[in-house]
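Q: Right, I'll just put the structure down here and ask away after.
The values are calculated or read from the model by the stated rules, or taken from the named source; none is laboratory data. Computed from a predicted model, the values in this text were never measured in an experiment. Cβ: placed from backbone, ideal geometry, glycine included. Neighbour counts: every protein chain shown.
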Amino acid sequence: MALLEVEGLRTTFRTWDGALRAVDDVSFTVEEGETLGIVGESGSGKSVMALSIMRLVPSARVEGKVRFEGRDLLQLPEEEVRRVRGSRIAMVFQDPMSSLNPVLRVGRQLTEVIRLHSGADAATATARAAELLSTVGIPEANRRLRDYPHQFSGGQRQRIMIAMALACDPALVLADEITTALDVTIRAQVLALLRRLAAERRTAFVMITHDLGIVAGMTNRVIVMYGGQMVEVAQTVDLFANPRMPYTWGLLDSLPRMDSDRTEPLVPIEGVPPDLVHPPKGCRFADRCRFAREVCNERIPALQQAAGAEAGHLVRCWATQDTPAGGWLADVPRTAAARA
Amino acid sequence: MDRMPPAAAPPERPPLLTVEDLRMQFPLPRTSLRIGPRPVLTAVDGVSFAIRRGEVFSLVGESGSGKSTTGRAILRLPPPTAGRVTFDGRDLSQVRPAEMRRLRRRMQMIFQDPLASLNRRMTVDEIVAEPMDIHGLAAGRNRAARVRGLLERVGLKPAWGNRYPHEFSGGQLQRVGIARALAVEPDFIVADEPVSALDVSVQAQVINLLARLRRELGLTLLLIAHDLAVVRHLSDRVAVMYLGRLVEIADCDTLFAAPRHPYTRALLSAVPLPDPAAEARRRPILLEGEIPSPLAPPSGCRFRTRCWKAQALCAESAPTLRPLGPGSAAACHFPEPVGTEAVSAPAPPQPAPPQPAPPQPAPP
């Protein structure tokens, strides 16, 4: 049985203009010890999805099932969800300064989490907190427990958040853009740390990011999101070798890369993301898609097996599915040069 | 296909802008009642370079490197503490206010956060026309026509001119910011992180726009950015900053293919590639520790506390920027040899990088 099973997750906000469906029918599983990447641009719904799983969007209506270790988190009483949060599932956010309490010493914040979830006494909790700080690479851990968040650098604060997430040995960590605010060399340190932790502890990670480089280096499997929906799901290696959704092509082609021919102009995706209060009738990506046909504007394609791809490589696209109504891009070459 | 032009104007032409020994210091509030000098933060410490006409010159570095401060000091926003900035042959610290106004027209800036840098109570037409009004460049029908032309040039519909900033997406707003900068027909633009707030698909639109404008208008661009892939894509020459100093300056291709300063090499090796196979091969050089505080920078070479090659000499004397080959200079006592594995190409596996050694203690 999978560690986490999300089924038909829908998150709807009420706005002045009408209902905004930020997450629209998202279903996926996370296996024990797996690192799943969720990639998408602003407004794709990736962060709201993670918050919905944790039941941290009180202002929205969340529907569907979130089965974790056999229980549906969306049905549990608030009290029990709180016990799961932090101890079995932990979440790390992009901005560590706003997630840490600025007026409490770091040691106090760490030991509080440990004591709350494990019932350890103060001395044991302090020892454990110091151990965690050194695990995440903060030197002189014992002394630094007495420091306040502002006395740490941005990279160190992010490590403290990771330490806090690991404090109770969770089975699953949801990491939302956790390296985005960090400098390149510090980001490399934090990613190396996460890679080591994933390997040593068999913790499952859901890495939410807009950075395809991080997806390529850190994850086993990827979900691409667009306009609140999953549009492509594949093994990481397969997604980069054989992307099937024109939006994914667009993401890969629009990226300046350290190993590309820099005299070639980038191929941007023209247009802007859809308005989710008044979503298009058909495929959310249709009006930006160079390959769209009439059916794309008429009906939303289902998420299903991509033509000519590995089993389990799913795509929400009329053009690249093997269906009677579509499939006109089923044989299009996969490389950027050949597509252009 | 709109290809980018071949790199760099011929070097024999005089540079459009030279920066000599630029220094930028900020006095800090006293932390106690103790008497004595106020603490001073040196954000930029003796930076020199020259930008050729028509080239894209990039400053890269991490937070606190002083790259943005350098870009602003060039435009005298605020004026530098020391050093000389010469624009088109004129020393900007010596010119009279009236002439400075005329020169300002020729030097414009594009900011990172387009919404914060545009007046949200003005329509796009007004935003783009304002600099023309200030410099008295156009009036009446001519003015409206120029605004229309500018919006078209940056890929916006002229009909959108009567809308307000909040009605636009981030990418569209950045186009408005670019149109405003172009309104006074500058020859030099400082672009401070112009695409880092944008999503990748939109970022590519703005990168292509900058490349096209530079080609069509013959603009000289100082690009300040932390995203090395973006810098590599747009630049003719690149300067790397660390803790207020230039550590390396080189032609773009040379810098990315054969970095000579250890910091540059570490920086390049740390960039993830959107390719799982290349990622599996990539061996980033993991630097230990963080950038030291600019209030108490290390003696000698500022990078020595994180450098795996540091020796006693590095603590004793600060290396100066010296030429190491055609179109390449680095400030390092022990530069990387030529032919050090490039990280910019999917290449055979790198030899394992040396493990960063703990910093060598300075001799007493």
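Q: Are any residues in the range B:111-136 modelled with pLDDT of 95 or more and either within 26 Å of B:His226 (Cα to Cα) or of a type in the set (Ser, Thr, Tyr) (or both), and if so, which ones?
A: B:Thr123
Q: Moving on to the next point. Collect the residues in the range A:260-275 that are in contact with a helix residue (DSSP H, G or I) (Cβ under 7 Å, 6 or more places away or on another chain) and more than 25 Å from B:Leu173 (Cβ to Cβ), keeping them in residue-number order. Steps first, please.
A: Step one: filter the range A:260-275 for residues in contact with a helix residue (DSSP H, G or I) (Cβ under 7 Å, 6 or more places away or on another chain), giving A:262, A:265-271.
Selection gives A:Arg262 alone.
Q: Being without any contact (Cβ under 8 Å) to a residue 60 or more places away in the chain, within 14 Å of chain B (Cβ to nearest Cβ) and under 15 Å from A:Gln321 (Cβ atoms) narrows it down to one residue among A:Phe291, A:Phe285; which is it? Lay out the reasoning, then the answer.
A: Numbers: A:Phe291 fails: within 14 Å of chain B (Cβ to nearest Cβ).
After applying the criteria, what remains is A:Phe285.
Q: Which helices (runs of 4 or more DSSP H) sit wholly inside the range A:91-153 and have at least 1 residues that are surrounded by fewer than 20 Cβ atoms within 10 Å (Cβ to Cβ) and under 24 Å from the mean Cα position of the chain (by Cα)? Let's see the steps before the verdict.
A: Values: elements: A:96-99, A:106-118, A:122-135, A:141-144.
Filter on the range A:91-153 gives A:96-99, A:122-135.
Q: Does the range B:33-52 contain at least one residue that is part of a loop (DSSP other than H, G, I, E, B) and at pLDDT 90 or above?
A: Step one: list which residues in the range B:33-52 are part of a loop (DSSP other than H, G, I, E, B), which gives B:33-39, B:52.
Okay, now just the ones that are also at pLDDT 90 or above, so B:52.
Checking the range B:33-52: at least one residue is part of a loop (DSSP other than H, G, I, E, B) and at pLDDT 90 or above.
Q: Could I ask something else about it? When the range A:137-162 is examined, which residues are found to be touching a residue at least 60 places away in the same chain (Cβ under 8 Å) and of a type in the set (A, V, I, L, M)?
A: Residues of the range A:137-162 touching a residue at least 60 places away in the same chain (Cβ under 8 Å): A:157-158, A:160-162.
Of everything in the range A:137-162, those that are touching a residue at least 60 places away in the same chain (Cβ under 8 Å) and of a type in the set (A, V, I, L, M) turn out to be A:Ile160, A:Met161, A:Ile162.
Q: Give the residues of the range A:293-306 that are under 26 Å from the mean Cα position of the chain (by Cα) and either acidic (Asp, Glu) or assigned to a loop (DSSP other than H, G, I, E, B) (or both), sorted by residue number. Working first, answer last.
A: Here is the first cut: in the range A:293-306, the residues under 26 Å from the mean Cα position of the chain (by Cα) are A:300-306.
Of everything in the range A:293-306, those that are under 26 Å from the mean Cα position of the chain (by Cα) and either acidic (Asp, Glu) or assigned to a loop (DSSP other than H, G, I, E, B) (or both) turn out to be A:Ile300, A:Pro301, A:Ala302, A:Leu303.
Q: Based on this model, can you work out whether A:Asp261 counts as over 30 Å from B:Arg232 (Cα atoms), within 14 Å of chain B (Cβ to nearest Cβ) and not aromatic (Phe, Trp, Tyr)? Talk me through it step by step, then tell me what you get.
A: Numbers: over 30 Å from B:Arg232 (Cα atoms): no; within 14 Å of chain B (Cβ to nearest Cβ): yes; not aromatic (Phe, Trp, Tyr): yes.
Judged against the criteria, A:Asp261 is not a match.
Q: Got at least one residue in the range B:246-269 being assigned to a strand (DSSP E or B), touching a residue at least 12 places away in the same chain (Cβ under 8 Å), closer than 22 Å to B:Arg23 by Cα and within 14 Å of another protein chain (Cβ to nearest Cβ)? Can you show your working first?
A: Of the residues in the range B:246-269, the ones assigned to a strand (DSSP E or B) are B:246-251.
Restricting the remaining residues to those that are touching a residue at least 12 places away in the same chain (Cβ under 8 Å) gives B:246-251.
Add one more test, that the residue is closer than 22 Å to B:Arg23 by Cα, and what stays is B:246-250.
This time we only want the ones that are within 14 Å of another protein chain (Cβ to nearest Cβ), so: B:247.
Yes, the conditions are met somewhere in the range B:246-269.
Q: Determine, yes or no, whether B:Arg215 is outside any loop (DSSP other than H, G, I, E, B) and touching a residue at least 12 places away in the same chain (Cβ under 8 Å).
A: Judged against the criteria, B:Arg215 is a match.
Q: Failed condition for A:Val332, given (1) in contact with a Phe, Trp or Tyr (Cβ under 6 Å, 6 or more places away or on another chain); (2) in a loop (DSSP other than H, G, I, E, B); (3) of a type outside the set (Gly, Ala, Ser); (4) surrounded by fewer than 18 Cβ atoms within 10 Å (Cβ to Cβ), with all others met?
A: (1) is the only condition that A:Val332 fails.
Q: Name the pairs whose Cβ atoms lie under 8 Å apart, with the first residue in the range B:170-181 and at negative phi, the second part of a helix (DSSP H, G or I) and of a type in the set (Asp, Glu), and 6 or more positions between them or separate chains?
A: B:Arg180/B:Glu130
Q: Go through (1) over 15 Å from the mean Cα position of the chain (by Cα); (2) within 11 Å of chain A (Cβ to nearest Cβ) for B:His233 and report which single condition fails.
A: (1)
Q: Quick one: which strands (runs of 3 or more DSSP E) lie wholly within the range A:13-86 and hold at least 3 residues that are under 13 Å from the mean Cα position of the chain (by Cα) and modelled with pLDDT of 95 or more? Working first, answer last.
A: Values: elements: A:18-30, A:35-39, A:60-68.
Result: A:18-30, A:35-39.
Q: Can you name the residue in the range B:293-304 that is surrounded by 17 or more Cβ atoms within 10 Å (Cβ to Cβ) and either assigned to a loop (DSSP other than H, G, I, E, B) or at pLDDT below 95 (or both) and, of all such residues, is nearest to the other protein chains (Cβ to nearest Cβ)?
A: Of the residues in the range B:293-304, the ones surrounded by 17 or more Cβ atoms within 10 Å (Cβ to Cβ) are B:294, B:297-298, B:300-304.
Narrowing the set further to residues that are either assigned to a loop (DSSP other than H, G, I, E, B) or at pLDDT below 95 (or both) leaves B:294, B:297-298, B:300-303.
Values: B:Pro294: 13, B:Pro297: 15, B:Pro298: 16, B:Gly300: 20, B:Cys301: 16, B:Arg302: 14, B:Phe303: 11 Å.
It comes out as B:Phe303.
Q: Please find, among B:Ala250, B:Ala229, B:Ala266, B:Ala204, the residue that is surrounded by fewer than 24 Cβ atoms within 10 Å (Cβ to Cβ) and of a type outside the set (Asp, Glu).
A: On the way: B:Ala250 fails: surrounded by fewer than 24 Cβ atoms within 10 Å (Cβ to Cβ); B:Ala266 fails: surrounded by fewer than 24 Cβ atoms within 10 Å (Cβ to Cβ); B:Ala204 fails: surrounded by fewer than 24 Cβ atoms within 10 Å (Cβ to Cβ).
The match here is B:Ala229.
Q: A follow-up question, please. Filter the range A:29-47 down to the residues that are surrounded by fewer than 20 Cβ atoms within 10 Å (Cβ to Cβ) and either under 30 Å from B:Ala197 (Cα atoms) or of a type in the set (Val, Ile, Thr) (or both) and list them by number.
A: The initial filter retains those residues of the range A:29-47 that are surrounded by fewer than 20 Cβ atoms within 10 Å (Cβ to Cβ), namely A:29, A:31-33, A:42.
Those that are surrounded by fewer than 20 Cβ atoms within 10 Å (Cβ to Cβ) and either under 30 Å from B:Ala197 (Cα atoms) or of a type in the set (Val, Ile, Thr) (or both): A:Thr29, A:Ser42.
Q: Take B:Leu222 and decide whether it is under 15 Å from B:Met107 (Cα atoms) and crowded, with 20+ Cβ neighbours inside 10 Å.
A: Details: under 15 Å from B:Met107 (Cα atoms): yes; crowded, with 20+ Cβ neighbours inside 10 Å: yes.
So B:Leu222 passes the test.
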